[in-house]
Amino acid sequence: MRALIRQEVCNIVPLDDLEQQQIADTLAWIDSGAQLCRLAKPATPPRHLVSYFVVHDGSHVLLADHRNAQLWLPTGGHVDEGEHPRATVERELREELGVGLPHPVGPPLMVTVTTTVGLTAGHTDVSLWYQIVIARSQQLVFDAGEFVAVRWFPFDAIPLGRCDPNLERFLAKLARGA
């Protein structure tokens with residue numbers, strides 16, 4: 001599985017110098033033999049792999065008001081041991097939004113290495129960012145234990161001051177047709 005995860009990262013075309021650096025950092029981490037998946041909540045090991053999936057319809061993005069992080073975030077979750085990050089996207093889509101996958105999960109568009117904030121702040125998420133296209137009319141049943149709310153935001157009205165700091169970079173990449 002480590003080789004498959006490495007390949008996901010290698011296929012990412014960096015947006016900027018920051019992402020190039022984070023790709024190199026992530027590949028070095030993968031190649032080190034370190035544990036990649038979270039073994040115990042919230043932060044064992046203190047650096048672990050996450051699959052984010054940005055749900056959008058081409059003009060709006062779906063964000064979740066995350067109880068723990070206290071931010072509007074894309075949906076996603078921790079990659080389980082032995083699980084491919086794309087399988088994590090499929091599992092979390094069902095768990096967090098109550099929907100099946102409308103199309104095959106494509107390769108990630110971005111990778112970020114971020115120190116978490118909120119109620120369990122301080123560990124590092126290495127996040128692979130995928131995109132899922134869903135119509136805004138799609139019926140969603142969100143996980144109320146994890147999220148206060150979910151909401152569609154027009155791309156030009158996202159509350160960036162209360163979002164993952166990398167969301168704006170992801171949307172720029174998406175706009176460039178990455």
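Looking across segment 1-26, just one residue is acidic (Asp, Glu) and without any contact (Cβ under 8 Å) to a residue 40 or more places away in the chain, and that is Asp17. Here His84, His48 are screened, and the one residue that is within 17 Å of Val111 (Cβ to Cβ) and touching a Cys at 6+ places or on another chain (Cβ under 8 Å) is His48. Can you tell me which of (1) modelled with pLDDT of 95 or more; (2) buried (at least 17 other Cβ atoms within 10 Å of the Cβ); (3) out of contact with any Pro (no Cβ under 7 Å at 6 or more places or on another chain); (4) not β-branched (Val, Ile, Thr) is the one Ser51 doesn't meet? Checking Ser51 against (1) modelled with pLDDT of 95 or more; (2) buried (at least 17 other Cβ atoms within 10 Å of the Cβ); (3) out of contact with any Pro (no Cβ under 7 Å at 6 or more places or on another chain); (4) not β-branched (Val, Ile, Thr), the one that fails is (3).
Scanning segment 168-178 for residues that are touching a helix residue (DSSP H, G or I) at 6+ places or on another chain (Cβ under 7 Å) and touching a residue at least 40 places away in the same chain (Cβ under 8 Å) yields a total of 1.
Search segment 28-45 for residues being closer than 15 Å to Ser127 by Cβ and out of contact with any Ser or Thr (no Cβ under 9 Å at 6 or more places or on another chain), and hand back the single one that is surrounded by the most Cβ atoms within 10 Å (Cβ to Cβ). By that ranking, first place goes to Leu36. Within segment 73-82, the presence of a residue that is charged (D, E, K, R), crowded, with 20+ Cβ neighbours inside 10 Å, under 28 Å from Thr44 (Cα atoms) and out of contact with any helix residue (DSSP H, G or I) (no Cβ under 6 Å at 6 or more places or on another chain) is excluded. Just give me the residues in segment 94-111 being aliphatic (A, V, I, L, M), in contact (Cβ under 8 Å) with a residue 40 or more places away in the chain and out of contact with any strand residue (DSSP E or B) (no Cβ under 7 Å at 6 or more places or on another chain), in sequence order. Val99 - this is the single residue of segment 94-111 that is aliphatic (A, V, I, L, M), in contact (Cβ under 8 Å) with a residue 40 or more places away in the chain and out of contact with any strand residue (DSSP E or B) (no Cβ under 7 Å at 6 or more places or on another chain). Considering segment 138-167, and only residues there that are without any contact (Cβ under 8 Å) to a residue 40 or more places away in the chain and among the aliphatic types (A, V, I, L, M), the residue that is surrounded by the most Cβ atoms within 10 Å (Cβ to Cβ) turns out to be Leu160. Only residues that are part of a loop (DSSP other than H, G, I, E, B), over 18 Å from the mean Cα position of the chain (by Cα) and either within 30 Å of Ala175 (Cα to Cα) or not small (Gly, Ala, Ser) (or both) were counted across segment 9-51, and they come to 4.
The values are calculated or read from the model by the stated rules, or taken from the named source; none is laboratory data. Predicted model only: the values in this text are computed from it and were never measured. All Cβ positions, even for glycine, are placed from backbone atoms using ideal geometry, and neighbour counts span all protein chains on display.
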